Every structure is written in structure tokens, then in C-alpha cells.
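I have placed the structure first, in the form of C-alpha cells, so that the comments after it can refer back to it.
The values are calculated or read from the model by the stated rules, or taken from the named source; none is laboratory data. Here the structure is a predicted model, which means the values were calculated and not measured. Using ideal geometry, Cβ is built from the backbone for each residue, glycine included, and neighbour counts are taken over all protein chains shown. Side chains are part of the model used for accessible areas, which takes the heavy atoms of the whole protein and leaves out ligands, DNA and RNA. Shrake-Rupley method; radii C 1.70, N 1.55, O 1.52, S 1.80 Å.
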Amino acid sequence: MSAKPYLLRKIISALTGLFLILFLIVHLYDNIFLFFGEEAFNTKAKELLSNPFIRVVEVLLFLSLIFHIGYGIYITVKNKKARNVPYKKIDWQTPFYKRMMWLSGTVIFLFLVIHLQSFLVPYRITGEADNLYQLVVLTFKNPFYTGFYIIAFIFLGFHLLHAWESAFQTFGFNHPVFTPIIKIIGWVLAIGITVGYSVVAIVAYLIL
Ligand code: HEM
């Protein structure tokens, strides 16, 4: 297979990955409005819904998710086939979070299915729930639900850690000074997003 299509797919996967990281930062910011109470959070949600730019971004978001997940499955199967021998020896040189991208990806996918089914479907599709704040707070009162979220955020953090570094490698970015800085930014992002979302979930469970 010529390198071009393979490289193009890798570049699109890196670009969609960086776009999803941007979404996660903005989505965390939007969810912090939960702390400001029912009116603030519901007003924020309605603002986002009525903003045409957000609607366009939403389409891009779902197209990115579909491509990113699709490419993730394709590359995992391809790598497994390429190895075509049962993988006895674990390559301890490679960081564990890099070796388990398929596992963290699978957990995030499961999370997304449950997450969209819990919030987006009742609020935006069936219209069962018209008070998003109440829906979110009541849903987080279930300790198993909140516990699953926090486990999913830890996997998300490890997924992001490798995704961020590998995206820059895909763009061929390798610089003696900047590459270590990019690695540090990756750790800050991964820890920030994992802790940020976990705090939202724990506060919703314990306090709101
Ligand atoms: C404490 C954590 C989180 C809370 C409270 C939360 C809350 C919400 C709510 C209320 C919605 C529905 C918004 C609407 O329909 O207008 C939503 C949508 C969504 N969430 Fe989350 N979320 C959290 C974490 C995450 C994470 C970690 C991801 C990704 C891995 C994520 C991905 C999405 C996506 C893709 C949508 C659909 C966005 C859209 O259609 O605008 N969420 N979330």
C-alpha cells in the first residue's frame, strides 16, 4: 500500500484527535456552570443550543468522533494482523498507556454511548427532560454511575497523553527544545482534564 493514503489517514486522525481535545476543554468549561446553580447551567445550555456556530461545530464533532473511532479500530486490527504471531513478549520499553490505546479507546467509546444516552437523548432528541441541570444532578446521585465516570476519565487521561504526543510526531514535529515542552503540556492536559471532569462529577454527587 503506498504511504500516501496511510499518512493522510494518520494526519486526519491526529487532527480529529486535537479537535476532540479542544472540545473536551470547552465542554469542561461549560460543565463548570453546574457549580453556579440551576439557572446559570440551564441558561448556558440554551445559549449553546441557539448558537448556529455551535451547531456547525457539533456536526464537525460527530464527524470527528466517527472518523477517529473508525480509524482507531482500523489501525488496531491492522497492527494485530501485522504481528500475526501471538504476542508473548510484552514490550516493557513502551509506556503502558501507549500499549493500551485500544483499551482506553474502548472505555471512552463505552462512556460516550452511556453519556449521550443519559443526557443528549432525553434533553435533545426525545425531549423527556427539559431541565438539564436537574437531569445531570439526579443522574450523578447514582454512585455506580459517578464511579464509572471517574474510571472513564482516568482512561481518557491516559488516552490523551499518548494522543497528544503522537499527534505532533505525525506532523513530523521533533525539536530538541520544543518536543520536551510538548510532552509537559501533554501531561498538564491529561491530568487537568481527568481531575477537572472528576471534580465536576464528585461535586454533582456529593454537594449539588
Ligand atoms: C462530568 C462530566 C461531564 C458532564 C457533566 C457532561 C455533561 C453533558 C451534557 C449535559 C450534555 C448534553 C448537552 C446538550 O445536549 O446540549 C453533554 C453532551 C456531550 N458530552 Fe458531556 N459531559 C461530561 C463529560 C464528557 C466527556 C469526558 C466527554 C468525551 C469523552 C463528553 C462528550 C460529550 C459529547 C460528544 C456530547 C454531545 C455534544 C453536543 O451534541 O453538543 N462529555 N455532556
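Structure data summary
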{"quantity": "Residue among Glu39, Glu58 that alone is at pLDDT below 95, among the acidic types (Asp, Glu), open to solvent by 30 Å² or more (accessible area, probe 1.4 Å) and part of a helix (DSSP H, G or I)", "calculated": "Glu58"}
{"quantity": "Odd one out for Pro143 among (1) more than 20 Å from Tyr71 (Cβ to Cβ); (2) more than 21 Å from the chain's Cα centre (by Cα); (3) free of Cβ contacts under 8 Å to residues at least 12 places away in the same chain", "calculated": "(3)"}
{"quantity": "Restricting the range 107-123 to residues that are open to solvent by 70 Å² or more (accessible area, probe 1.4 Å) and without any contact (Cβ under 8 Å) to a residue 12 or more places away in the chain, the residue that is farthest from the chain's Cα centre (by Cα)", "calculated": "Gln117"}
{"quantity": "Residue within the range 69-91 that is within 13 Å of the ligand (Cβ to nearest atom), out of contact with any His (no Cβ under 9 Å at 6 or more places or on another chain) and either open to solvent by less than 70 Å² (accessible area, probe 1.4 Å) or among the β-branched types (Val, Ile, Thr) (or both) present", "calculated": "yes"}
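Okay, residues lined up against (1) away from the ligand (no atom under 13 Å from the Cβ); (2) surrounded by 15 or more Cβ atoms within 10 Å (Cβ to Cβ); (3) at negative phi:
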residue: His159; (1), (2), (3): no, yes, yes
residue: Ala163; (1), (2), (3): no, yes, yes
residue: Ile181; (1), (2), (3): yes, no, yes
residue: Gly186; (1), (2), (3): yes, yes, yes
residue: Ala204; (1), (2), (3): no, yes, yes
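This table checks each residue for (1) surrounded by 12 or more Cβ atoms within 10 Å (Cβ to Cβ); (2) more than 10 Å from the ligand (Cβ to nearest atom).
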{"site": "Ile125", "(1), (2)": "no, no"}
{"site": "Asn131", "(1), (2)": "yes, yes"}
{"site": "Phe144", "(1), (2)": "no, yes"}
{"site": "Pro176", "(1), (2)": "no, yes"}
{"site": "Ile191", "(1), (2)": "yes, yes"}
